[in-house]
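See below for the structure under consideration.
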Amino acid sequence: MKKWLLLCAALAVLLAGWRPAAKEPEGLALVRVLGVDGPGPVELTAVCGGEDQGDRSRGSCDGTDFDQALAGLPWSGEEELSLTSVSYIIVGRDVELREVLLCVLRNRELGASATVWLAEDGASALLEGCGDPASGLDLLTRKGSGAPTAAEALAKLERGEGLTLPLLAGDGPVLIDWEEWRTAP
């Protein structure tokens, strides 16, 4: 009897530690990279995938401002796009960065920990040419070429400090330089 009791207790302990891997609901793709172009209208480009996902879904949406474009983005691809896993925000030189970052921080799905990068020829052009931009940005981050988070970038802008962003171009994407964000006069 004691052996069965010990066996049952051991089995209960083993089963208590086992949990199935979390999965996203069918038909929902996790956006890892969000591209932002334009001061208004704003064009958003979403790319799913990365090293931890096989899904390479994409979507894009325009709006009069960032919030309006963001509202339509989840239904702009072949499957519903989820913004809960955005790790990288790539901006074009023409965006209203302060406004975009404020919207990012106010949004419940997007996170303050997403890093901000600058695209030499615009975010949509850069992302269109990249097969898997999230993996490329993961690699750049591991190499020490990390970008400021959305919260850090907004804090620097609010304090009037210089904000330097990593400048990306080409396929991969490739880090080509660091550029001081221009502030309004």
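The values are calculated or read from the model by the stated rules, or taken from the named source; none is laboratory data. All values derive from a computational prediction rather than experimental measurement. Positions of Cβ are generated from backbone atoms using ideal geometry, with glycine treated the same way; all protein chains shown enter the neighbour counts. Ligands, DNA and RNA are stripped out before the accessible areas are found, and what is left, the full protein with its side chains, is counted by its heavy atoms. Shrake-Rupley method; radii C 1.70, N 1.55, O 1.52, S 1.80 Å.
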- When (1) in contact with an Asp or Glu (Cβ under 8 Å, 6 or more places away or on another chain); (2) more than 14 Å from Gly38 (Cα to Cα) are applied to Leu127, the one that fails is (1)
- Message: Please pick out the residue among Ser113, Ser124, Ser135, Ser145 that is touching a residue at least 24 places away in the same chain (Cβ under 8 Å) and in contact with a Leu (Cβ under 8 Å, 6 or more places away or on another chain).
- Response: Ser145
- Query: Which one of Leu105, Leu110 is closer than 17 Å to Val42 by Cβ, assigned to a loop (DSSP other than H, G, I, E, B) and of a type outside the set (D, E, K, R)?
  - Reply: Leu110
- Note on the structure: In the set Glu96, Glu80, the lone residue that is touching a Leu at 6+ places or on another chain (Cβ under 9 Å) and either acidic (Asp, Glu) or over 18 Å from Ala134 (Cβ atoms) (or both) is Glu80
- Task: State all residues of segment 83-99 that are closer than 24 Å to Ala29 by Cβ and open to solvent by 10 Å² or more (accessible area, probe 1.4 Å); if no residue qualifies, say none.
- Result: Thr84, Ser85, Val86, Ser87, Tyr88
- Query: Pick from Asp132, Asp121: which is surrounded by fewer than 22 Cβ atoms within 10 Å (Cβ to Cβ) and modelled with pLDDT under 90?
  - Reply: Asp132
- Has segment 158-175 got any residue that is without any contact (Cβ under 8 Å) to a residue 40 or more places away in the chain, under 16 Å from the mean Cα position of the chain (by Cα) and open to solvent by less than 50 Å² (accessible area, probe 1.4 Å)? no
- Message: Looking at segment 144-160, can you tell me whether even one residue there is part of a strand (DSSP E or B) and modelled with pLDDT of 90 or more?
- Response: yes
- Note on the structure: Of the residues in segment 46-59 that are open to solvent by 20 Å² or more (accessible area, probe 1.4 Å) and not in a loop (DSSP other than H, G, I, E, B), the one that is modelled with the lowest pLDDT is Gln53
